[in-house]
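Below you'll find the structure, written out as structure tokens, and then a few comments.
Only the coordinates and a few stated rules stand behind these numbers; no lab work does. Computed from a prediction, not measured in an experiment: that's the story for all the values here. Here the Cβ positions follow ideal geometry from the backbone for every residue, glycine too, while neighbour counts run over all protein chains shown.
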Amino acid sequence: MSLQGSVTPPGDKSISHRAGLFSLLASGICRVANFSPCADCASTLAAVESLGGKVEREGGEVILHGAQGKLISAAVDCGNSGTTMRLLMGLLAGRPGSYALDGDASLRRRPMARVADPLTRMGAKVSTSEGRPPVTIEGAQLTGQRHELAVASAQLKSALLLAGVQAVGETLVIEPHLSRDHTERLLAAMGADIAQAEGGWRVRQSDLEQLPRLRVPGDVSAAAFLLVGALITPGSRVTTLGVGLNPGRVGLITVLQRMGSKLEVSQEGDEPEPWGRVSAAYAPELKATEVLASEIPLLVDEVPILALAATQAQGTTVLRSIGELRVKESDRIAAIVTQLGALGARLWEEGDDLFIAGPTPLKPQGSYDSYGDHRIAMTLAMAGALCGQTLEVADAACAGVSYPDFYRDLEALQQ
Ligand SMILES: O=C(O)C1=C[C@@H](OP(=O)(O)O)[C@@H](O)[C@H](O)C1
Ligand SMILES: C=C(OP(=O)(O)O)C(=O)O
């Protein structure tokens, strides 16, 4: 069965989170079109409301009423969403009040000390449970600091910039490798005093004003599953429409092009960020590649689906320094190795590097596990599509964490 046709993926999850959360600090009213319908962004909107922000929904748009930093002390459930929790930590650290942040069993396993420690240096009063959620915050007056991050993480960088925009003095954030810059772009558009400096970003205390309108581009990380499906499934051609093309998010496209795939990208607009269409056609002669540590943040959520593509490429693909994947919704390295391995793929880990030898025909037998991780569930669904069958996957419905209509869109493409 091939994949044929076009798909409009949901609004970008990262940008939707930021639009929702930043309204807590800003004045004005923002009408957001194409806000992501995913469960993670629903957690963000619920968090905004529990902290005193006003959110309305009208004709498919989300209307955010700026709370101007006047928040209410609250216990906030961040669900499965690391972005919600980490960005809120930075945002709430500078607000007067007491806040408690918690989440589901997966989020409770994820590291938060990487955010709590630098915030503490800025004067924040943050406590964690041995570096993990639940997190409590007593708002305090923050002081700007210079931060050189040990990990390239847009969530950590964003938390510190959100603290910095409320802090006395200058805050500088320098990453080991560049990561997505949605926070920097949106803060600048909302009037923040933010600029590039010393290879990172510096920010000063600023009043923020919401954009009156914001149209969220489609989520390229959601599109990625269907595009890779088309590349590896004979006879396929899929176009994804209206997807975000932020340079910090298109690492998968660059790597797949290097592997010899037929991927076409055409930019059609640049508001609020570059966006356009991406088409993929079956590529029978994919070649293995080496993906460098500096490229990983640009495709961090696409590693599972890139690993599936690599099982169909000639030679051994190496993904360097992907240790961050161990602390996502599941240990994604373990999940990829066991689940793709159970399908017959030849892949192994060496330290924080992942090796995938191809091409290997995949042969479904028995049942598979998503570990409750949406990116693993969707990767397994695309492996099934390649094999022309629907795999039995435990908790396949967790795809809704980022892409609620994923199975409907996949089915519509299957010919
Ligand atoms: O900033 C963001 O919106 C995100 C950043 C990434 O996490 P890290 O920055 O922690 O790697 C990514 O995995 C996550 O899905 C969304
Ligand atoms: C890691 C992810 O999200 P978060 O960190 O926000 O839970 C993801 O969407 O793959």
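Whole-Hz Karplus values for region 264-269 come out as 10, 10, 10, 6, 10, x Hz, taken residue by residue from phi with 6.51 cos²θ - 1.76 cosθ + 1.60 and θ = phi - 60°; glycine and proline positions read x. All C-alpha to C-alpha distances of region 17-129, sorted into 10 Å bins beginning at zero, yield P(r) values of 15, 47, 31, 7, 0 percent in whole numbers.
Take the Cα of Arg204, go 7 Å toward its beta carbon, and the backbone nitrogen atoms of region 123-145 under 18 Å from that spot belong to 142-145.
By the compact-protein rule of thumb, 2.2 N^0.38 Å, the alpha-carbon radius of gyration of region 160-261 corresponds to a ratio of 1.40. Anisotropy class assigned to region 217-413 is rounded, per the alpha carbon gyration tensor with a/c under the 1.5 cut-off. Look at where the Cα atoms of region 1-65 and of region 168-240 average out, and the two centres are 15 Å apart.
Computed across the chain, the Kirkwood hydrodynamic radius from all distinct Cα-Cα pairs reaches 21.5 Å.
With a/c under 1.5 counting as rounded, go ahead and sort region 13-213 into rounded, prolate or oblate using the C-alpha gyration tensor (a ≥ b ≥ c being the square roots of the eigenvalues; past the cut-off, prolate if a/b is larger than b/c, else oblate). Cα axes put region 13-213 in the rounded bin. Based on C-alpha pairs under 8 angstrom that are at least 6 apart in sequence, region 37-180 has a relative contact order of 20 percent. Each helix, a run of at least 4 DSSP H residues, gives -39500 (n - 2.57); summed and divided by the residues of the chain, these come to -9000 deg cm²/dmol at 222 nm. Size estimate for region 222-297 follows the Kirkwood approach: the inverse of mean 1/r over distinct Cα pairs works out to 12.8 Å. Report the GluC sites (Glu not before Pro) located in region 95-164 that are in a DSSP loop and have at most 12 other Cβ atoms inside 10 Å of their Cβ, or state none. Of the GluC sites (Glu not before Pro), the ones in loops of region 95-164 whose Cβ has at most 12 other Cβ atoms within 10 Å are Glu130. Of interest is the spacing of the C-alpha centroids, which for region 270-285 and region 83-121 amounts to 34 Å. Model label points for Glu290 and Ser367, set 7 angstrom from Cα along the Cα-to-Cβ axis, are 4.2 nm apart. If R0 equals 35 Å, the separation of the Cβ atoms of Ala75 and Ala150 corresponds to a calculated FRET efficiency of about 0.70. Rounded to two decimals, the Cα-based Rg/Rh of region 248-339, with Kirkwood Rh, is 0.99.
Computed extension length for Arg108-Arg132: 8.0 nm, one decimal, from 0.36 nm per residue of separation with the Cα-Cα distance subtracted. Rounded to the nearest 5, the antiparallel percentage of DSSP beta bridges internal to region 217-413 is 75%. Distant-in-sequence amide contacts of Arg346, defined by a placed amide H-H separation under 5 Å and a gap of 5 or more residues or a different chain, comprise Ala357.
Our coupling estimate for region 305-319, obtained by passing each phi through the Karplus curve with A = 6.51, B = -1.76, C = 1.60 and θ = phi - 60°, is 6, 5, 4, 5, 4, 5, 5, 9, 9, 6, x, 9, 7, 10, 10 Hz, Gly and Pro reported as x.
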